[in-house]
1. Taking other Cβ within 10 Å of each residue's Cβ, how do B:322, A:275 sort, fewest first?
2. Using only alpha carbon positions, build the gyration tensor of chain A, then give the equivalent ellipsoid semi-axes as the square roots of 5 times its eigenvalues, largest first, whole angstrom.
3. Between chain A and chain B, with a rotation axis joining them, whose C-beta in A is nearest that axis, and what is the whole-Å distance?
4. Shape call for the range B:57-150 from the C-alpha gyration tensor, a ≥ b ≥ c root eigenvalues: rounded (a/c under 1.5), prolate (a/b greater than b/c) or oblate?
5. Which value, to two decimals, describes the C-alpha radius of gyration of the range B:248-295 once divided by 2.2 N^0.38 Å?
6. Looking at the square roots a ≥ b ≥ c of the eigenvalues of the Cα gyration tensor of the range A:171-236, which shape do they give, rounded for a/c under 1.5, prolate if a/b is larger than b/c, or oblate?
7. Once the label point is placed 7 Å from Cα along Cβ, list for residue B:29 the distances to the corresponding points in the other copies, in nm, shortest first.
8. Would you calculate the separation in nanometres between label points at residue B:89 and residue B:57, each defined as 7 Å from the Cα along the Cα-to-beta-carbon direction?
């Protein structure tokens, strides 16, 4: 059976924000699975800030996407052809399928999606890498204790919104940093944050000082740049800064802005620690079960921003993410 | 009895390198001890990079030296007058006596110097804050394991030279970063380092890569700036970066240069942690005993650079420190 496979390949390494011309759209014929392989029809793609970092050359926690290669993306889909004993036709699966309608797989790093825990797009958000990143980054690296103050940046984004809600479950006081009054209202009124800092409206440093007068015990940073520098000046003694991302820097044309206030780590006997979620793979099931419980109990909420229109809309969806248009998890429906 | 007390007071907050005009020299009459006080005749002053940071306004781990105040300095001396029950005349003491010949004290934060462990200047170096900083910073924050690679910057300085030697005692491979062939030779030939990087001679990044091809497990940083950024690119997975100082930045007129490669903490699942030695006060005796043992056994060596000439030469001694003229501990003899 012949299937047309629309896809985006990386055409150029972007300078600044990714432009449409950095990708090349193509329609190929979907491949046929060989022995031990299966073909996935991708239904949803996760649109993530980290995608921008995968487009750069150079050493990172994963190899860069090669020029000419299908753009990397996590997704969920269903098996439409199979010559693999463990992945029958009809199975719903998640994996790094790329920005394309059909993906060939040998089963490596592909998981079965348990729809009883939540519908497919949730497996790219709260039950996927967003939820796992929030869970392990906050609990294992940030180690918040009840009553402590947790600040999270990009708090209306997929990871940030979950970090704040998990911190509330853990009994912390939670302040989110986001852009604009709508997002800030969402954090406080719908997600139960104790306060919100609008980075588009006045000094982040002054707002954090007002909302967290005792200092910040855990800062979960998705943003970098000025926001990181501002929060560093407000650390409590023994604070933990969790480096999860640096979305403000991914599109920088002038190199990365390092945190010039890093000596506050010394002043406050504080630490700044990075992590990569793949290291926690042996504990993914444990975390996913807890996240699913909290979701079922209504203690975790996820707003999913579904963009319809298929593979063709990928460059636009990615630009929207960096323009800060979305609240919650951005998913492209194919 | 009347005693003349030569001293330096802070006259202006320096811009860049401290100039002689940032201090005001005065000769006052030494004060008389009241009830519960004693007068110390200061014999040796510790000349430290951190002095520069104490001269800036603004929040740090200690309050800044106020304009008009005697410049802060640690020193050793002997009691010449006493109305304090625990500190009799003749006792040898250490404390933060300031840049002056005579200091009045009520005994707070003053310790008795045990000359059986080593002569007085050593109590400002290996048996004083330099040794304690190296000991706790390396062992408690850096946590090196035998066989791991430890890199230390300002390695020919007082703290750095001790960090490297303690790391060798712990069974590590040790690379020092210093300026110029003489200092580098000293590290390898006299202090037993496994290798030395001359930051004045070619790329630090390339030299570290060559000397530590498996990556850096512990980086003890006294320097900041480009050196920190270079070493961040060479971290091993799970590395610990210990922030002990940032001597390259203390005199900066353009603000502090933050580490633009800080996302290497994420890539390498690494941490960057600051500490303040005063927090370890309850364990100072334990550490000092071990340091004295190692000193006696010849496993720790300290080169002391004694500048004679008295209080008057303080500004010059401080400038010499920042010019990188010294190897080992710099002490001003009064």
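1. Taking fewest neighbouring Cβ atoms as first place, the list is B:322, A:275.
2. 35, 22, 17
3. Of all Cβ atoms in chain A, the one nearest the axis gives A:258, 2.
4. Oblate, since a/c reaches 1.5 and b/c is not below a/b.
5. It is 1.80.
6. In terms of gyration-tensor shape, oblate.
7. Output for residue B:29: 10.6 nm, nearest copy listed first.
8. 4.5
Bear in mind that the values in this text are calculations on the coordinates, not laboratory data. Being a predicted model, the structure only gives us computed values, none of them experimental. Heads up, the Cβs are rebuilt from the backbone with ideal geometry, glycines too, and the neighbour counts pull from every protein chain shown.
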